[in-house]
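Working notes for the structure below.
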Amino acid sequence: MDAERSRRYLAAVGVVSWRRREGLAGGVAPAPGGRGAPPNAPGQEQAPIPGAPDGSAPVSKPISRPLSGPGVEPATAPVARSEGASPAKNPPAPATDHTPSLVGTMDWGQLEAAVAGCRACVLSEGRTRTVFGVGAPSAELMLIGEAPGQEEDRRGEPFVGRAGQLLDRMLAAIGLERGQVYIANVLKCRPPGNRDPLPRETAACQAYLARQIELVAPRLLLCVGRISAQHLLGCGDSLGRLRGRVHHYGPKQIPLLVTYHPSYYLRNPAAKAQGWQDLQRLMGLLREAHADGDAGT
Ligand code: URA
């Protein structure tokens, strides 16, 4: 991974003073349709970070691990969700059957309607909007966060608050924009005060996310934060233990990586260097997946 790309990442996440600022305005990473790292937002931290990547670290070789994620139903419906569809405003609940087997046969439209009308847990009572998911319905990369926060609840879209804006900048640093990936959360409704989801809440939402993953059928899953990783991997391990290796999810053994939640970087800017390692690994896996795909055609 070249030093220029490291510099772009650090610029994107708000760390600029360890190298000349004018060096950060370089071209975009070579992803199709990607754009350059946006300029730093006002008020972002400018201090150098200890142990910042110098661009010389090689991409880590992925390690295969046995499946530990929950199973998902086989896909039976075509992808039908259009990008950028406006989110539903908390409508009255239709009589929706949320049994996982039924959710597992839904197409995008049915699934979004089922989520919009869901009353399967108490979180539905406090929500402003459900937060279904956003992005390319056949994205190669799917990001999975924890649950909507205040801004997401207000707008009905995942990762649009401060943490989401940082996530956007990190994606931009590797040449990806929101519309090229698919972003969803474990929970579709905001927990009060942004507390951790309760087991009965994640259980109530589980089939929706499983179906979203099945419909997107990404080449790679990125769990953003501990809650998402523990949920998809069905384990209680710490994020530190789960980072840095390749897991696999579901019957299709979709490779899965785990990284810190962007809100963690907002609290601990020094951890952004580790985030860059994770993104390097992610890019390496996507390249490998492409090479495999090209070889098979
Ligand atoms: N944090 C998440 O995990 N998801 C969001 O959508 C926003 C913040």
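The values are calculated or read from the model by the stated rules, or taken from the named source; none is laboratory data. Everything numeric in this text was worked out from a predicted model, so none of it was measured. Note: ideal-geometry Cβ built from the backbone for every residue, glycine included; neighbour counts use all protein chains shown. Side chains are part of the model used for accessible areas, which takes the heavy atoms of the whole protein and leaves out ligands, DNA and RNA. Shrake-Rupley method; radii C 1.70, N 1.55, O 1.52, S 1.80 Å.
Things to note:
- The single condition from (1) at pLDDT below 95; (2) closer than 16 Å to residue 196 by Cα that residue 271 fails is (2).
- For beta carbons closer than 6 Å, sequence separation of 6+ or different chains, a first residue in segment 211-226 that is over 10 Å from residue 256 (Cα atoms) and a second that is open to solvent by 10 Å² or more (accessible area, probe 1.4 Å) and small (Gly, Ala, Ser), the qualifying pairs are 214/75.
- Residue within segment 283-297 that is of a type in the set (S, T, N, Q) and either open to solvent by less than 30 Å² (accessible area, probe 1.4 Å) or closer than 12 Å to residue 219 by Cβ (or both) present: no
- Sole exception among (1) open to solvent by 10 Å² or more (accessible area, probe 1.4 Å); (2) more than 16 Å from the ligand (Cβ to nearest atom); (3) within 15 Å of the chain's Cα centre (by Cα) for residue 227, by number: (2)
- If you go through segment 182-196 and pick out every residue that is touching a helix residue (DSSP H, G or I) at 6+ places or on another chain (Cβ under 7 Å) and away from the ligand (no atom under 12 Å from the Cβ), you end up with 2.
- Matching entry among 215, 239 (being farther than 19 Å from residue 274 by Cα and away from the ligand (no atom under 11 Å from the Cβ)): 215
- Hey, residue 103 of a type in the set (A, V, I, L, M, F, W, C), in contact (Cβ under 8 Å) with a residue 40 or more places away in the chain and either within 16 Å of the ligand (Cβ to nearest atom) or open to solvent by 20 Å² or more (accessible area, probe 1.4 Å) (or both) or not: no
- Test: residue in segment 135-152 that is within 16 Å of the ligand (Cβ to nearest atom), out of contact with any Gly (no Cβ under 6 Å at 6 or more places or on another chain), open to solvent by 10 Å² or more (accessible area, probe 1.4 Å) and farther than 24 Å from residue 258 by Cβ: yes
- Boolean, residue 172 is among the hydrophobic types (A, V, I, L, M, F, W, C), near the ligand (Cβ under 10 Å from one of its atoms) and more than 24 Å from residue 111 (Cβ to Cβ): no
- Of the criteria (1) hydrophobic (A, V, I, L, M, F, W, C); (2) under 12 Å from the mean Cα position of the chain (by Cα); (3) farther than 29 Å from residue 269 by Cβ, which one residue 186 fails: (3)
- Residue 177 being acidic (Asp, Glu) and within 23 Å of residue 106 (Cβ to Cβ): no
- Complete set of residues in segment 198-224 that are among the acidic types (Asp, Glu) and open to solvent by less than 10 Å² (accessible area, probe 1.4 Å): 201
- Matching residues in segment 246-265 - criterion: being in a loop (DSSP other than H, G, I, E, B) and either within 14 Å of residue 226 (Cβ to Cβ) or open to solvent by less than 20 Å² (accessible area, probe 1.4 Å) (or both): 246, 250, 260, 261
- The residue pairs whose first member lies in segment 165-189 and is within 15 Å of residue 151 (Cβ to Cβ), whose second member is basic (Lys, Arg) and not in a helix (DSSP H, G or I), and whose beta carbons are closer than 7 Å, counting only pairs six or more residues apart or on different chains, are 189/127.
- Qualifying residue in segment 275-284 (condition: in a helix (DSSP H, G or I), within 16 Å of the ligand (Cβ to nearest atom) and more than 14 Å from the chain's Cα centre (by Cα)): no
- Elements of type helices (runs of 4 or more DSSP H) contained in segment 120-221, each with 2 or more residues being of a type in the set (Val, Ile, Thr) and within 20 Å of residue 249 (Cβ to Cβ): 199-216
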